[in-house]
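The values are calculated or read from the model by the stated rules, or taken from the named source; none is laboratory data. Here the structure is a predicted model, which is why all the values come from computation and not from measurement. All Cβ positions, glycine included, derive from the backbone under ideal geometry; neighbour counts span all protein chains shown. For accessibility, only protein heavy atoms count, side chains too; no ligands or nucleic acids. Shrake-Rupley method; radii C 1.70, N 1.55, O 1.52, S 1.80 Å.
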Amino acid sequence: MDLHLKDKVIIVTGGAKGIGEAIVKGAADEGAIPVIVNRPGKEGGALASDLQSKGIDALYLEAELSKVEDCEMVICETVKKYDRIDALVNNAGKNDGIGLEDGNPEAFMASLKNNLLHYYVLAQQALPWLKKAKGNIVNISSKTAITGQGGTSAYTAAKGAQLSLTREWAVELLDYGIRVNAIIPAEVWTPLYESWINTFPDPEAKLKTITDLIPLEKRMTTSEEIANMALFLLSDRASHITGQHLFVDGGYVHVDRVVGTLKK
Ligand code: NAP
């Protein structure tokens, strides 16, 4: 299926690694122009160079998104180069474990800056361009917003707010034809996930206890599976979908996990 994304300028935050990287690569495969936004690090530049060496137009912008001025720079630089923005994928974030018992107000607010504020600032800054292009927004949230996790109040607050904002913006932007949707991943194999699993004494055993609980095929979701949903939502193939929370999680949140174990 042609997603009609050719030459669309798509900003992907956290685009250097994991889910963001898969969205960037998928967008490039569809002929879109990905704008890779990431903290300084070698991966973002290398990804952009790799795409450019294949004749694909791509822009890499280094930004610390917890800073409002960096978010503003991202929109300015994108528009300076392309004079348009067709879509924004708010994806950058990290489960940073600021809990209720052991956290503090400063750490809680800092986490909201890292995980939530830039979703709002980038959407706001991109809005004039999204209006022109009748573009759309995809917010990457997390199953922790629905299920809780324990020990991670700030991250779940940010992820829950991203779901609320998806509905709120879908309503506010109806008149402009701008669609806003969210994807809710659960367990996705990414560099972030790998570094988390490696904090356990026996990472392989820990991973198995997790994958055993994933109803469909007892395996992790791949970044590409999240990207496939994102690309569909970004495309005009999803032209009547807005305000939705799409679970791409192998049934983790909604499917009865006990049934799978009984069949063993
Ligand atoms: P990842 O592998 O760490 O990739 C995220 C990228 O975003 C990294 O390159 C990271 O840079 C960058 N980034 C994070 N915060 C940033 C900031 N403030 N400014 C600029 N760049 C920033 O993570 P991922 O697993 O793909 O996660 C992507 C999104 O999916 C996150 O919102 C996460 O909460 C969500 N999610 C993931 C899972 C999962 O199982 N993986 C499950 C549910 C939800 P650094 O490496 O320098 O930090």
Worksheet item: Among the residues of segment 119-159, which ones are of a type in the set (Phe, Trp, Tyr) and open to solvent by 10 Å² or more (accessible area, probe 1.4 Å)?
Response: TYR120, TRP129, TYR155
Item to complete: Among the candidates ALA110, ALA170, ALA158, single out the residue that is within 15 Å of the ligand (Cβ to nearest atom) and within 24 Å of PHE247 (Cβ to Cβ).
Response: ALA158
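Suppose we filter segment 228-248 for residues that are part of a strand (DSSP E or B) and either open to solvent by 70 Å² or more (accessible area, probe 1.4 Å) or touching a His at 6+ places or on another chain (Cβ under 9 Å) (or both); how many remain?
So the count comes out to 1.
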Discussion item. Within segment 19-38, take every residue that is touching a Ser or Thr at 6+ places or on another chain (Cβ under 7 Å) and over 19 Å from PHE232 (Cβ atoms) and give me the one that is nearest to the ligand (Cβ to nearest atom).
Written reply: VAL37
Practice prompt. Would you confirm whether any residue within segment 1-13 is more than 26 Å from GLU187 (Cβ to Cβ), in a helix (DSSP H, G or I), open to solvent by 70 Å² or more (accessible area, probe 1.4 Å) and of a type outside the set (Phe, Trp, Tyr)?
Written response: no
Item to complete: Looking at (1) surrounded by fewer than 24 Cβ atoms within 10 Å (Cβ to Cβ); (2) within 13 Å of the ligand (Cβ to nearest atom), find the lone condition where LYS80 falls short.
Response: (2)
Worksheet item: Any idea which of TRP169, TRP196 is at pLDDT below 95 and in a helix (DSSP H, G or I)?
Response: TRP196
